[in-house]
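Bear in mind these aren't lab numbers, they're just calculated from the coordinates by the rules spelled out. None of these values were measured; they are calculated from a predicted model. Methodologically, a virtual Cβ is constructed for each residue, glycine included, from the backbone with ideal geometry; neighbour enumeration extends over all protein chains shown.
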Amino acid sequence: MLDMLRVKSIPVASWSSPAPLIFLPAPLTFCALCFGLVLFGLGEALLINAGVGVSPWTVLSQGVANVSGLGIGVSTFFIGLGVLLLWIPLKQMPGLGTLLNIVIISAVLELSLPYLPVADGIAGGVLQTLVGVLAVGFGSGIYLMANLGAGPRDGVMKGLQRVSNLPIAVVRMSIELTVVAIGWSLGGVAGIGTLLFAVFIGPAVSIGLYTVGRAASSESNHD
């Protein structure tokens with residue numbers, strides 16, 4: 001179990017792209033990217049329908065909107081822009097996955113929310129949140145291993161991991177807890193689901209990368 005939490009790099013599979021800036025990837029690579037992002041989006045939708053707290057980054061958007069007078073949508077836009085600017089000093093490379101991260105996850109949220117269960121009560125909400133976090137973690141593992149470019153926040157995670165050499169689980173959890181703390185201090189509203197996401201998303205991404213990486217390695221050995 002500890003090995004799952006010690007992952008420090010994105011595993012490479014036979015279907016991983018040789019570089020992020022490839023806009024006509026192999027079909028299997030493209031399918032892995034899309035499948036991972038769909039799973040990611042379903043996890044996010046489960047979190048929303050759990051009803052026990054918004055994501056850490058939404059708390060930050062609420063806080064920025066509270067102190068700036070901007071709408072939450074505009075605040076989210078500027079935060080996203082700021083996150084992308086962090087890619088420059090962290091030397092992160094965008095790719096097809098960076099664009100599809102926005103498109104596919106947004107589409108999955110829009111299409112799936114009406115059909116996914118809405119949690120009843122705190123206990124049900126907590127359980128659904130944990131399932132959603134696990135789905136986001138495994139979705140992240142699959143799409144990041146496609147190596148076609150990370151989403152804005154995952155790019156920061158990868159860059160900070162490279163600079164710090166800390167496990168991905170620690171880096172991601174630190175990012176999310178910092179975001180929650182800043183957002184809450186600015187007037188954002190956090191719930192138990194928010195804290196669960198902040199604490200467990202790092203380990204979930206690490207477990208997803210480890211599990212998918214081992215499965216890919218085992219498949220290659222059989223071949």
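Note the listed values [x] 47, 33, 33; [y] 51, 35, 30; [z] 54, 40, 34, then indicate which one is Cα extents along the principal axes in Å calculated from this particular structure. Recomputing Cα extents along the principal axes in Å here picks out [z]. Sorting the segments 93-105, 29-41 by their residues' average number of neighbouring beta-carbon atoms within 10 angstrom, most packed first, yields 29-41, 93-105.
Calculated [222 nm] ellipticity per residue, helices only, for the chain: -24500 deg cm²/dmol; basis is -39500 (n - 2.57) per DSSP H run with n ≥ 4, divided by all residues, nearest 500.
Each Lys or Arg adds one and each Asp or Glu takes one away; over the other residues whose Cβ falls under 14 Å from the Cβ of residue 53, this sums to -2.
With both labels modelled 7 Å from their Cα along Cα-to-Cβ, the residue 214 to residue 127 distance reads 2.6 nm.
Candidates 147, 171, 136 compared by Cα position along the dipole of the range 74-223: farthest toward the positive end lies 171, with charges placed on Cβ.
For the peptides 6-19, 133-146, 182-195, residues were scored by their other Cβ atoms within 10 Å and the scores averaged per peptide; the highest-first order is 133-146, 182-195, 6-19. Between the range 104-119 and the range 11-43, the C-alpha centres lie 21 angstrom from each other.
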